[in-house]
Amino acid sequence: MVSEKRDAGIEAVILRLLEVRGEGKTICPSEAARAVAGSEERAVWEPLMEVVRAVAERMVGDGKIVVTQKGRVVDGGTAKGAVRFRLR
C-alpha cells in the first residue's frame, strides 16, 4: 500500500514536470527524483532514482510517456547511460 501511494506520487510528479516543460519536451529522471525528495542535495535524491525509473517503465507500459536517449525512443529497462522522459 505504501509503495502504491509512493509510486502514484512519483507518477504525478513526472506528469506535472512534463506538462510544465511543454509538448515535445523532456525531463531528466533526476529532475523527478529531486522534486519528490524536495531537495537538491544529491545524497537525498539519488536513492530515489531507481524507483523513479521503475515508475517510468510502468508509465511507458501504460502508454503515458516514452523514454528517450539522444532524442530517440529507447527501452528504458535496457538503455545504458543517461535517458530522458517525454509525454507520449
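Only the coordinates and a few stated rules stand behind these numbers; no lab work does. Note that this is a predicted model, so its numbers are computed, not measured. Note that we place each Cβ from the backbone using ideal geometry, even for glycine, and neighbour counts take in every protein chain shown.
In angstrom, the C-alpha Rg and Dmax of the chain are 12.1, 36.
With the charge dipole of region 2-87 set up from +1 on Lys and Arg Cβ and -1 on Asp and Glu Cβ about the Cα centre, the Cα lying farthest toward the positive end among the listed residues Thr68, Ser39, Leu18 is that of Thr68.
Taking other C-beta atoms within 10 angstrom as a stand-in for reagent exposure, Lys25, Lys80 fall in the order Lys80, Lys25, fewest first.
Legend: ranking of residues Glu4, Glu50 from fewest to most surrounding C-beta atoms inside 10 Å; resulting order Glu4, Glu50. All other residues whose Cβ lies under 15 angstrom from that of Arg72 are scored, Lys and Arg at +1 and Asp and Glu at -1, for a net of +4.
Fully extending the segment from Arg16 to Arg88 would add 24.5 nm, taking 0.36 nm per residue of separation and subtracting the current Cα-Cα distance. Placing pseudo-labels 7 Å out from each Cα toward the beta carbon at Lys70 and Ala43 gives an inter-label distance of 3.6 nm. Dipole magnitude for the chain: computed about the Cα centre from +1 point charges on Lys and Arg Cβ and -1 point charges on Asp and Glu Cβ, it is near 340 debye.
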